[in-house]
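Contents: one structure, followed by commentary.
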Amino acid sequence: MKSYAISSKADVSELIDTYNPDFILYRDKSNENYHVEAVKFAKVCSKKKKLQYFIHQDVNLAKKLDVTGVHLTSTQFDKIEYAKSLNLKVIISTHSLKEVQMAQKKGADYVTYSPIFASPDKGEPKGIQNLEKLCQEIDIKVFALGGIVKQKEVDLISSSGVYGFASIRYFEKV
């Protein structure tokens, strides 16, 4: 199962060295210097050969920095085709089967589907049975997200059919 680290830190060297994630996202919604910090993030990540690294929301910045791709919010479905036309991989946040199907139809490469477990201010958890059902009904690669804090949650979703798990708090121990 693939791992997808979400970090608000541009210098993710220690996180990468500690956890060796397959995917990583730089997401810092409150940083006014996001573009500047994103350059640092891209430099750190570019040194890791197999790491796929993503910028949050900004398709043009992702292209400019030559990162793997962009992680779009659940309000940015209209940006999927544009990002794909720039040869960027696309991950988009989803919260329902309908959104996952729309992401698949528009050509996204991956979705995050959340929240699976209880997570602060993220609404009612979907649960593992819902996740399993979703994975049986679609073809797009799904990262389970939400409330994945320890290995026990990773173990609980491991047989659900997901492509991987995404988390902020799981990777914050460094």
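Annotations
- Applying the criterion of being among the acidic types (Asp, Glu) and under 19 Å from Phe23 (Cβ atoms) to the residues of region 140-174, the residue that is surrounded by the most Cβ atoms within 10 Å (Cβ to Cβ) is Glu153.
- Residues of region 12-36 satisfying the condition of being crowded, with 20+ Cβ neighbours inside 10 Å, assigned to a loop (DSSP other than H, G, I, E, B) and in contact (Cβ under 8 Å) with a residue 40 or more places away in the chain: Pro21
- Some residue of region 113-130 being at pLDDT 95 or above, closer than 22 Å to Gln57 by Cα and among the hydroxyl-bearing types (Ser, Thr, Tyr): yes
- Residues of region 10-27 satisfying the condition of being among the acidic types (Asp, Glu) and touching a strand residue (DSSP E or B) at 6+ places or on another chain (Cβ under 7 Å): Asp22
- Hits in region 130-145 - residues which are of a type outside the set (D, E, K, R) and within 17 Å of the chain's Cα centre (by Cα): Leu131, Cys135, Ile140, Val142, Phe143, Ala144, Leu145
- Considering region 37-49, and only residues there that are at pLDDT 95 or above and either of a type in the set (S, T, N, Q) or within 18 Å of Gly164 (Cβ to Cβ) (or both), the residue that is surrounded by the fewest Cβ atoms within 10 Å (Cβ to Cβ) turns out to be Ser46.
- Taking region 42-66 as the range and being among the hydrophobic types (A, V, I, L, M, F, W, C) and either assigned to a helix (DSSP H, G or I) or touching a Leu at 6+ places or on another chain (Cβ under 8 Å) (or both) as the test, the residues that pass are Ala42, Val44, Cys45, Phe54, Ile55, Val59, Leu61, Ala62.
The values are calculated or read from the model by the stated rules, or taken from the named source; none is laboratory data. For clarity, every value in this text was computed on a predicted model and none was experimentally measured. Cβ sites come from the backbone with ideal geometry, for glycine too, and all protein chains shown count toward neighbours.
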